[in-house]
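Engineer: Pasting a structure here, questions to come.
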Amino acid sequence: MKKLKLTTKTLIALVSGIIFGLLLSLVDSTFIKQTLLIDGILKLMGTGFLNAIKLLIGPLVFVSIVYATSSLKEIQKIGRIGLKTFCFYIGTTGLAITLALIMANIINPGKGVDISLLTQATTGATVTTNSVNIIDTLLSIIPTNIFVAFSEGNVLGIIFFAILLGISMTLVGEKAQPLVNLFEIGNEVLLKVVSVVMKFAPFGIFALLASNFATFGYTALVPLAKYVIGTIFTLGLHLLLIYMSMLIFIGKLNPMIFLKKFMPIFSVCFSTASSSASLPVSLKTSEEQFGVDPSVCSFTLPLGSTINMDGTAIMQGFAVVFIAQMYGISLGMNDYIMVIITAVLASVGTASVPGVGAVMLTMVLASVNLPLDAVALIIGVDHIIDMCRTPVNVAGDHICTLIVAKTENALDKTIYNNVENLTDQAA
Ligand code: ASP
């Protein structure tokens, strides 16, 4: 109920922010429009919210990736299933982000508006140019000083150190367990911080959208709508084309049955925008409806809800192209490769709760030197996309689980094909 309430508030903020901004764009008085509202109250609320988000990037990326990689021993333990699952998760996320980059370049959501003027005026951001030298880019991943990496916001450097630390903790084993526990607690605390900051999201979203629309008027509506519709379309494409083809050709399973039985999970994901909230119903459905042996799904589903976020990666890929186009920055092959790598890592580090994908987006933007303030526009509409990307995140976990179970002889096809007792599965 509480989450639904936040959803409702966010949607109200979204609609009222756009309407207020559009009305404000008609106001003639510079004092009321610019000085009092756009550069005053709205800036305080909007930029304040953005600053709080930016504050979280470094600590969140660092702690969540150390924690994710230090739990890799689970994968070692489970051996073959673990390796298959891990490769599947990483591979499909790579595929998802590539599809998003292609689709965004076809749909061109950000062409036609020059947002740079607005952001420079309201937040002081400058348009940065892309790095062209791949060697320099790769070298920047290895920081010479971790504190400098933190203070300069070198997210790739932070990730590099986090992975190194996490893997080393795994290698040290038992002795490092207290440190692993510390990172586990740290991770939980930081997620709490995210949810506290997100409580202010409706105000932040209202202010950011209102000031954007007040400056741009109707012209901002078209690219934003293109971004939302384009991302949702690509999410649908990934679900219906890529996943269903995998189910048919690799899993040799009926996709219609999958979609029918996935419906209750879909609705939980859609309404809560949280993969982990759907975990109980996911596990139940996997065993009782899909016929997956618990030895497989009890490992693949919780792991998937932590590290596998194809829907989130799609949003990030689409957002990168959208933002680059709005700023008139053209991305080269190096940049795209960088986006694919960071979005896969971001997907591993994204927590399965609402809104974290948009915070992690800043890390993907940073990897190709796109201005972080551009998140301002994205965040305004992010909750709608979060509701749509979370079911895709979870669907990916189930497709992997089914395929791994099939190859391990841990799938009961009679249960999978039985569509009779569908009604009581969500209970
Ligand atoms: N809400 C997403 C999930 O739980 C994560 C995100 O993209 O924000 O899967």
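Engineer: Could you work out how far helix 2-24 tilts from the main Cα principal axis of the chain, as a 0 to 90 degree angle to the nearest 10?
Structural biologist: Approximately 30 degrees, to the nearest 10.
Engineer: Further, regarding this structure: At a threshold of 8 angstrom on Cα-Cα distance, excluding pairs fewer than six apart, so keeping six or more, what relative contact order does the chain reach in percent?
Structural biologist: Relative contact order, the chain: 30 percent.
Engineer: State whether region 245-289 is rounded, prolate or oblate according to the following rule on the C-alpha gyration tensor (a ≥ b ≥ c being the square roots of its eigenvalues): a/c under 1.5 gives rounded; otherwise a/b larger than b/c gives prolate, and the remaining case gives oblate. Could you put the intermediate results ahead of the total?
Structural biologist: Values: a/c = 2.34, a/b = 1.93, b/c = 1.21.
Prolate, since a/c reaches 1.5 and a/b exceeds b/c.
Engineer: Just from its helices, what would the mean residue ellipticity at 222 nm be for the chain, if runs of 4 or more DSSP H residues each count -39500 (n - 2.57) and the sum is divided by every residue, rounded to the nearest 500 deg cm²/dmol?
Structural biologist: -24000 deg cm²/dmol
Engineer: For Cα pairs less than 8 Å apart in space and 6+ apart in sequence, what is the mean separation divided by the residue count of region 168-321, i.e. the relative contact order in percent? Working shown, then result.
Structural biologist: Numbers: 51 pairs, mean separation 25.2, N = 154.
Relative contact order, region 168-321: 16 percent.
Engineer: Any chance you could check the Cα centroid distance between region 224-266 and region 370-412 for me, in angstrom?
Structural biologist: Region 224-266 and region 370-412 have Cα centres separated by 10 Å.
Engineer: Give me the distance between the Cα centres of region 159-209 and region 50-65, rounded to whole Å.
Structural biologist: 8 Å
Engineer: Order the peptides 368-381, 32-45 from the highest to the lowest mean number of other Cβ atoms within 10 Å of their residues.
Structural biologist: On the way: 368-381: 23.5, 32-45: 16.1.
For the peptides 368-381, 32-45, the packing ranking is 368-381, 32-45.
Engineer: Full extension from residue 44 to residue 419: what is 0.36 nm times the residue separation minus their Cα-Cα distance, to one decimal in nm? Write out the running numbers ahead of the final one.
Structural biologist: Details: separation 375, 0.36 × 375 = 135.00 nm, distance 5.44 nm.
Separation in residues times 0.36 nm, less the Cα-Cα distance, equals 129.6 nm.
Engineer: Let me ask something additional. What is the total of Lys pairs in region 138-289 with C-alpha atoms under 22 Å apart, excluding same-chain pairs fewer than 8 positions apart? Provide the component values of the computation, followed by the final result.
Structural biologist: On the way: 252/260; 252/261; 260/284; 261/284.
Lysine pairs satisfying the spacing and distance rule in region 138-289 number 4.
Engineer: Would you mind pulling out the separation of the Cα centroids of region 28-43 and region 313-351, in Å?
Structural biologist: Distance between centres, Cα-based: 33 Å.
Engineer: Something else now. Nearest 10 degrees, 0 to 90: what angle lies between the long axis of helix 221-237 and the longest principal axis of the chain (Cα atoms)?
Structural biologist: Long axis of 221-237 versus the principal axis of the chain: about 10 degrees.
Engineer: Right, here's the next one. Report, to the nearest 10°, how far helix 294-307 tilts away from the longest principal axis of the Cα atoms in the chain, using its own Cα long axis and a range of 0 to 90°.
Structural biologist: Roughly 10 degrees, rounded to the nearest 10.
Engineer: Ignoring ligands, DNA and RNA, what percent of the accessible area of the chain is carbon or sulfur (1.4 Å)? Before the final figure, lay out each step's value.
Structural biologist: Working: 12770 of 18150 Å².
Taking all protein chains in place, the chain shows 70 percent carbon and sulfur surface.
Engineer: Please list the radius of gyration and Dmax for the chain, considering alpha-carbon atoms only, with Å as the unit.
Structural biologist: Looking at the chain, its Cα Rg and Dmax stand at 21.7, 72 Å.
The values are calculated or read from the model by the stated rules, or taken from the named source; none is laboratory data. Everything numeric in this text was worked out from a predicted model, so none of it was measured. Every residue, glycine as well, gets a Cβ built from its backbone with ideal geometry; the counts of neighbours run over all protein chains shown. The accessibility values were calculated without ligands, DNA or RNA, using every heavy atom of the protein model including side chains. Shrake-Rupley method; radii C 1.70, N 1.55, O 1.52, S 1.80 Å.
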